[in-house]
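Q: Submitted below is the structure of interest, expressed as structure tokens.
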Amino acid sequence: MDRIIKRNNSSRMGRTNSAGRYRSENYRPKRKRPKAGPDDLMALKKKLEAKKTHTNRKNSKKQNNFEKRKKQGGKGQGGKRQGGRKRNKKIIYISVAEAVVIAAVSIFSINPYRTSLSYPTPYYELAEKYSEKYGVEMPLIYAVIKAESKFDANAVSSANAYGLMQILPSTGEWIAKNIDYKNYDDSLLFDPDCNIEFGCWYLNWLMKREALHYNESQNIDLIIAAYNAGHNTVENWLEDPKYSSDGKTLENIPYGETASYVKTVEKYYNEYKVELNKEAAEKNEGSVRKVLDSIFR
């Protein structure tokens, strides 16, 4: 009784039920849901039947659309829309295939030796012409062009060398006199024809120098070094025991730029030898056939 009295006298001002348990003033007893009568059961039954009928109609309509779209060429849900996407993809694939074939045929018809994007061979006719005229290997011509200008005919170096093979104006004037090149002007070094001819002549001139000991691709590094640093400089290195023990080969190149240049050109030279020695007809036929097979397989 003391506990009940104390609760009743507490600040909450609650009340107790018949069992003596405390109830708050906000307490509301739960309402009991009335039992469903016969009319309510019938209404619920009709509602469920109507929902079932609606679902069956919807499924039937989907099935009809599916069959209709399947006959029109579509597959699966989405029918006509998905079929349209597939047709669009086919058109895109065929367009890309045609572009690849046209590009391949164009490349090989213009230049049958064009076999690599990393080692391209533009100005092929000029390189071939002056390779035969001056007896310089085409791999060496392309290696020098790639290293010097990366095939930019308008390139100008920090040393004021011009064109594809980076000829100095003073060197160009000297070469023009030696080959009796008429109406020479320094601006002609930006012309691929003139530049490649002058570069090939100069390589040939270096190869003929006895001091550089060139003999059928032997000591090609000396020719490359002389093209970069000058023939007098390389010949002085060969006479110096610090750089050459036999006077015919260089064990050490004192110029860092020239040493790096020789390694780069030799790498390009070896890669171009592989690329350019492949048979043109076999490469042409085989490459186009591979492209066609991979596209229309």
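Q: Return an integer: the convex hull volume of the alpha-carbon atoms of the range 129-187, in Å³ per residue.
A: Details: hull volume 5.4 nm³, N = 59.
For the range 129-187, the hull spanned by Cα atoms encloses 91 Å³ per residue.
Q: Over all distinct alpha-carbon pairs, what is the Kirkwood Rh of the range 124-277 in angstrom? Intermediate values should be presented prior to the final figure.
A: Details: mean 1/r = 0.0635 Å⁻¹.
One decimal place: 15.8 Å for the Kirkwood radius.
Q: Further question on the same structure: Filter the cross-link list Lys146/Lys267; Lys177/Lys208; Lys208/Lys273; Lys146/Lys263; Lys177/Lys263; Lys146/Lys242 down to pairs whose alpha-carbon distance in this structure exceeds 20 Å. Working shown, then result.
A: Values: Lys146/Lys267 11 Å; Lys177/Lys208 18 Å; Lys208/Lys273 22 Å; Lys146/Lys263 13 Å; Lys177/Lys263 32 Å; Lys146/Lys242 31 Å.
Correct reply: Lys208/Lys273; Lys177/Lys263; Lys146/Lys242.
Q: Okay, moving on. Gain in length, Val156 to Asn64, computed as 0.36 nm per residue apart minus the alpha-carbon separation, to one decimal in nm?
A: On the way: separation 92, 0.36 × 92 = 33.12 nm, distance 7.23 nm.
Full extension from Val156 to Asn64 adds 25.9 nm.
Q: A further question on this structure: I'd like to compare 243-251, 171-179, 220-228: which one has the highest average count of other Cβ atoms within 10 Å, and what's the full order after that? Working shown, then result.
A: On the way: 243-251: 14.0, 171-179: 16.0, 220-228: 23.2.
So the peptides 243-251, 171-179, 220-228, ranked by packing, come out 220-228, 171-179, 243-251.
Q: Let me ask something else about it. Say each of Glu128 and Asp185 gets a label point 7 Å from the Cα, pointing the same way as Cα to Cβ; how far apart are those two points in nm?
A: 3.1
None of the figures in this text is laboratory data; all of them are computed from the coordinates on show. All figures in this text were calculated on a predicted structure; none of them were measured in a lab. Heads up, the Cβs are rebuilt from the backbone with ideal geometry, glycines too, and the neighbour counts pull from every protein chain shown.
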